[in-house]
Each structure stands twice: as structure tokens, then as C-alpha cells.
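Asks: Would you mind keeping the following structure in view while I ask a few things?
Computed from the coordinates by the stated procedures, all read-outs in this text should not be read as laboratory data. Everything quoted here is computed from the prediction, not taken from an experiment. Because the Cβ atoms are built from the backbone with ideal geometry, glycine has one as well, and the counts that use them run over all protein chains shown.
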Amino acid sequence: MRGIIGGSDRSQLQELALMKNKPLILAGLFIAAAAAVLALTAARKPITSPNEAAITSASPAPSPAWELKSVDGKSVKSSDFAGKVVILDFWATWCGPCRMEIPGFIELQKQYADKGLVVVGVSLDQDGASVVKSFMDKTGINYPVVLGDETIVNAFGGVEGIPTTFIIDRDGRIVGKHVGYAAKAEFESEIKPLLKL
């Protein structure tokens, strides 16, 4: 009988086909599993503090209060900027993307300071105030820069990388967060409504 394969012959052929394709099937399963793990890892962002949970939620979170030293050794407090829109930028002199953002922050400070904006740099440099002060002089930074510490980093939910920049409204609420480089135009589009422009 042509074309008819008996039950035991059919199962042997199926077993043979499965064995031949086993490496391909295993490779496919491995790739699918790896893709699933990557997707879950990318979708799950670890929350390191209650503040971080609030920052990532739909409603704005109050900005943590802080007090740090400027590069000149003077005390600077978050309350010094009450009623202003604040761009709070965690950065370092050695960070390339941080350095790329600075000209935009200088321009924003010039353009909108009289309308209620203040850019505040939080330097995470480990080499001290003199390195930061020298860098500020060379680059023409026209906004306050304070020397950050672990306390402020933790207060803002941990800084995953630098630059990390928070947008704080006039009521002292965190309304935006950027991790990594963002262009001046992006910040400008966020602050204009807060400045009522």
C-alpha cells in the first residue's frame, strides 16, 4: 500500500525528525527565553526608596528638602529657591553627557531667570570644590552649583546614572525626571508651562 505508513513507522519517523531538529528547537527555546527575560528586566525598574516610587507615579511628588555647600563653601538650601521653577541637575565634571548639557542650562538660566527659573547643579565629583570651581570658571556656568553627597542622592531615590535631572515646579513638586542627556529644547518645553509662558 503506497503512501500509507504504519503506526510504529510513523512514530519512528516523527522521532527521527524531532532528533534532527532538536538543536534548532532548543536554540529557538533559548532565544525565546532570553527575549522574555530581557523584556521583563527592561520593564521592571527597581524602586530604591519611597521618593522614587512617588516620582514615577502619575501625581507629582514633593521634592525632598536639602542643604549643601556651594563651591565657595556657603550653605545653600532647597528653600532658597521656594516659588521658583528649578532644574536640579546631578552631574560631574568628567561626565561627557553632563558637559554636553551645560551650554543649554547656561542659556536657559540667561533666558528665563527673570521669569522664575533657576538651574541648580549638584556636582557628584569626588575631587572637591576646587576642581568644580575651576570647571565652572572655564565653562562660564552662570547658575548655582552645590557639592552633592550620598544623602541628597538617596533623598531623590538614588541616581541611576549621570546626568540625572529633576524638574521641580513652583510648589516644590517633582514634575519631571531625565536620566541621561536631554537637549535644551526638551527642558525648555517642560519649563515654559510651569513658568506660565
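Asks: Along the charge dipole of segment 50-195, which of V131, T164, V119 sits closest to the positive end, that is, farthest toward it, with unit charges on the beta carbon of Lys, Arg, Asp and Glu (+1, +1, -1, -1)?
Replies: V119
Asks: Express in whole angstrom the spacing between the alpha-carbon centres of segment 110-129 and segment 131-197.
Replies: First find each Cα centre; the distance between them is then 7 Å.
Asks: OK, next. By count of other Cβ within 10 Å, fewest leading, how are L68, L117 ordered?
Replies: In increasing order of surrounding Cβ atoms, one gets L68, L117.
Asks: Just want to confirm a number: the relative contact order over segment 50-195, from Cα pairs under 8 angstrom separated by 6+ residues, in percent.
Replies: Relative contact order here is 34 percent.
Asks: If you place +1 on the Cβ of every Lys and Arg and -1 on the Cβ of every Asp and Glu, how big does the dipole about the Cα centre of segment 88-197 come out, in debye to the nearest 20?
Replies: Using Cβ point charges on Lys, Arg, Asp and Glu, segment 88-197 gives about 360 debye.
Asks: Something else about it: By the gyration tensor of its Cα atoms, with a ≥ b ≥ c the square roots of the eigenvalues, what is the shape of segment 50-195: rounded for a/c under 1.5, prolate for a/b over b/c, or oblate?
Replies: It is rounded, given that a/c, with a ≥ b ≥ c, falls under 1.5.
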